[in-house]
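The values are calculated or read from the model by the stated rules, or taken from the named source; none is laboratory data. Because the structure is predicted, anything quoted here is derived from the model rather than measured. Positions of Cβ are backbone-derived with ideal geometry, glycine not excepted, and every protein chain shown enters the neighbour counts.
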Amino acid sequence: MSALDITLSPEEFAELSRRVRSATISQRDGRRARVILLAAQGSTREEIVRLTGFSRPTVTDWCQRFQALRLEGLLDKPGRGRKSPLPADTIRRVLEQVTQPHIGEPRWSCRSMARAAGISATTVHKLWAANDLKPHLTRTFKLSNAPQFEEKFWDVIGLYLAPPDKALVLCCDEKSQVQALERTQPGLPLGIGHIQTKSHDYTRHGTVTLFAALDYLQGKLISSIERQHRHQEWLAFLKKIDKETPREVLKYPPIFDAFSA
């Protein structure tokens, strides 16, 4: 059997395709997977060499290893590759202690961890980056105290996990107190050699409220601008959504946030 005579099972094709598309695996593993996919599609050795950048012997070697061991054959053999100069205990300590800062300290820094572990700050930074550890960042959140928050929360999660047939999801929001401003003089548009201009002075025309509903799938926006911010305007906007919603959508149960209505 020729080294390039490869037939894939549906599972192998799916896994190799995932590796080629993946942004998280190494470029080396992605190229190996591409070699096998190209061979299975009937590409010649020269075409595979040109498309992957491997040499002819390397292409032949990976195809033969796949024929013998299937997906396992695309992995490096144990003991191959550059050895880490750091002891495993040091690496484990650097990765585990990052979640346990000293008393009185808000977090570990690269320098403080380097002093504690007896390695360089650059090495600490590389270990944290390789494991997606970012002790210098904090992500804030706010838990809603709205009535029935948990029920609405699970409704939204359910739309993603088990969407109903012919589901239409609209993300609705409102922005109140939008100032309606008019510049006292017309400005110049952007042009070659000068930027656009606008006058410093403006005339106020009160405030307006913007209601908007975004259809994520089609990128369609349903919007309405109202003078006031009451339940009457909100109900009118819901009626507008109903009017502009395709008739084939049989049911779209609303999930309301803590709107004043």
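Structure notes:
- Yes/no for Ser112 being modelled with pLDDT of 80 or more, small (Gly, Ala, Ser) and assigned to a helix (DSSP H, G or I): yes
- From the options Glu46, Glu11, residue that is at pLDDT 85 or above, more than 28 Å from the chain's Cα centre (by Cα) and among the charged types (D, E, K, R): Glu46
- Among (1) under 30 Å from Ser224 (Cβ atoms); (2) within 20 Å of the chain's Cα centre (by Cα) - the single one Thr140 does not satisfy: (1)
- Being surrounded by 10 or more Cβ atoms within 10 Å (Cβ to Cβ) and in a helix (DSSP H, G or I) is not true of Lys175.
- For segment 1-48, the set of residues classified as of a type in the set (Lys, Arg), farther than 16 Å from Leu69 by Cβ and in contact with a Phe, Trp or Tyr (Cβ under 8 Å, 6 or more places away or on another chain) consists of Arg31 only.
- Evaluation of His136 against the conditions (1) free of Cβ contacts under 8 Å to residues at least 40 places away in the same chain; (2) part of a helix (DSSP H, G or I) shows that the sole unmet condition is (2).
- Meets criteria (part of a loop (DSSP other than H, G, I, E, B), at pLDDT below 85 and not hydroxyl-bearing (Ser, Thr, Tyr)) for Pro164: yes
- Any hit, segment 9-30, residues being in contact (Cβ under 8 Å) with a residue 24 or more places away in the chain, in contact with a Leu (Cβ under 7 Å, 6 or more places away or on another chain), assigned to a helix (DSSP H, G or I) and over 20 Å from Glu72 (Cβ atoms): no
- Top-ranked residue in segment 68-85 [being at pLDDT 80 or above and among the aliphatic types (A, V, I, L, M); ranked as farthest from Glu15 (Cα to Cα)]: Ala68
- Per the listing Ala258, Ala212, the residue uniquely modelled with pLDDT of 85 or more, in contact with a Ser or Thr (Cβ under 9 Å, 6 or more places away or on another chain) and either farther than 28 Å from Asp165 by Cβ or not in a loop (DSSP other than H, G, I, E, B) (or both) is Ala212.
- Figure legend. Inter-residue proximity from segment 44-61: first residues outside any loop (DSSP other than H, G, I, E, B), second residues polar (S, T, N, Q) and surrounded by 13 or more Cβ atoms within 10 Å (Cβ to Cβ), beta-carbon distance below 8 Å, spacing 6+ or different chains. Indicated pairs: Arg45/Thr60; Leu51/Ser43; Val59/Thr52.
- Unmet requirement for Ile157, which otherwise passes all of (1) outside any helix (DSSP H, G or I); (2) closer than 30 Å to Asp242 by Cβ: (1)
- Residue in segment 90-99 that is in a loop (DSSP other than H, G, I, E, B) and in contact with a helix residue (DSSP H, G or I) (Cβ under 9 Å, 6 or more places away or on another chain) present: yes
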